[in-house]
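Visitor: The structure follows.
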Amino acid sequence: MGRLAEAANSLALAVAATAVGCTLVLELSPTHHSDTGRATSRATVTRGDRGPGDPAARAATAALGAAAKAPLPGAPLRRAGRIRVTAPAGPMSLRANGSLPVTWTNTTGAEVDVWLSAAAGRGRIQRLALVSPRAGAAAAGEALVTLPAVAPGRAYALEVAAGNGAAHAFSRPFAVTD
């Protein structure tokens with residue numbers, strides 16, 4: 001953990017404990033690197049006179065937990081949301097090198113890519129080709145995609161995925177013919 005992150009974490013812990021009237025003693029030791037190359041540090045927290053059953057102590061513990069989960073300044077924010085592919089919606093048969101429209105809804109706020117994917121056995125799906133890069137970040141999207149030359153088969157689908165990988169969805173399966 002960098003010095004800025006350690007300082008922010010210490011400040012958050014002190015503010016959370018002070019807000020509920022608890023005494024907090026925080027002892028930080030220097031960061032050490034282990035044999036695996038990971039940095040490790042040790043922190044000891046001691047509460048004041050209040051026992052764990054005291055409401056103020058429970059509130060302080062909850063505040064400390066929330067402070068530990070809060071994003072640090074400058075840390076990338078994870079966007080929550082969902083993508084749902086609305087077309088192609090039913091079973092269909094398409095020709096390789098043919099075009100088809102794909103539509104979706106996107107509540108992630110992130111730009112999406114559209115991929116041609118195929119079943120790879122045992123429940124796995126393999127991305128075959130990026131058919132529409134950077135297709136937009138709007139709440140409702142649409143793209144006209146052209147299928148690449150692929151082997152005929154029945155287990156193809158279009159995947160709409162947020163650029164940051166946080167969310168993705170698949171169309172209904174469709175067949176590709178010669």
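The values are calculated or read from the model by the stated rules, or taken from the named source; none is laboratory data. Since the structure is predicted, the reported quantities are computational estimates derived from the model, not experimental observations. Methodologically, a virtual Cβ is constructed for each residue, glycine included, from the backbone with ideal geometry; neighbour enumeration extends over all protein chains shown. Just the protein is used for accessible areas: all its heavy atoms, side chains included, with ligands, DNA and RNA removed. Shrake-Rupley method; radii C 1.70, N 1.55, O 1.52, S 1.80 Å.
Visitor: How large, in percent, is the carbon and sulfur part of the accessible surface of region 79-174 at a probe radius of 1.4 Å?
Guide: Values: 2730 of 5350 Å².
Answer for region 79-174: carbon and sulfur cover 51 percent of the accessible area.
Visitor: Quick check for you: which residues of region 113-141 have the amide N under 14 Å from the point 7 Å beyond the Cα of Ala96 toward its beta carbon?
Guide: Hits in region 113-141 for Ala96 at 14 Å: 129.
Visitor: While we're on this one: By how many nm would the segment from Glu142 to Thr177 grow when fully extended, if each residue of separation counts as 0.36 nm and the alpha-carbon distance is taken off?
Guide: 10.2 nm
Visitor: May I pose another question? Which whole-Hz ³J(HN,Hα) couplings does region 133-143 yield from phi under the Karplus relation 6.51 cos²θ - 1.76 cosθ + 1.60, θ = phi - 60°, glycine and proline marked x?
Guide: x, 6, 7, x, 10, 5, 5, 10, x, 8, 8
Visitor: Right, here's the next one. Between Ala166 and Ala89, what's the calculated FRET efficiency when r is the beta-carbon distance and R0 is 25 Å? Round to 0.05.
Guide: Working from the Cβ atoms, E equals 0.55.
Visitor: Applying the Karplus parametrisation 6.51 cos²θ - 1.76 cosθ + 1.60 with θ = phi - 60° to the phi angles of region 164-177, what ³J(HN,Hα) value in whole Hz is obtained for each residue in order, glycine and proline being reported as x?
Guide: 8, x, 6, 8, 7, 8, 10, 6, 5, x, 9, 9, 10, 10
Visitor: Also: Using all alpha carbons of region 108-178, what is the percent of pairwise distances in each 5 Å bin, ordered from the shortest bin to the longest?
Guide: Using 5 Å bins, I get a P(r) of 4, 16, 27, 24, 15, 9, 3, 0 for region 108-178.
Visitor: Arg127: accessible area at probe 1.4 Å, nearest 10 Å²?
Guide: Solvent-accessible area, nearest 10 Å²: 110 Å².
Visitor: Specify which residue in the list Leu94, Val145, Ala120 is farthest towards the positive end of the charge dipole of region 88-178, using unit charges on the beta carbon of Lys, Arg (+1) and Asp, Glu (-1), about the Cα centre.
Guide: Working it through, the farthest residue towards the positive pole turns out to be Ala120.
Visitor: Near the amide H of Ile125, under 5 Å away, which other amide H atoms are found, from residues 5 or more places off or on another chain, if H is placed in the peptide plane?
Guide: Residues meeting the amide H criterion: Ala120.
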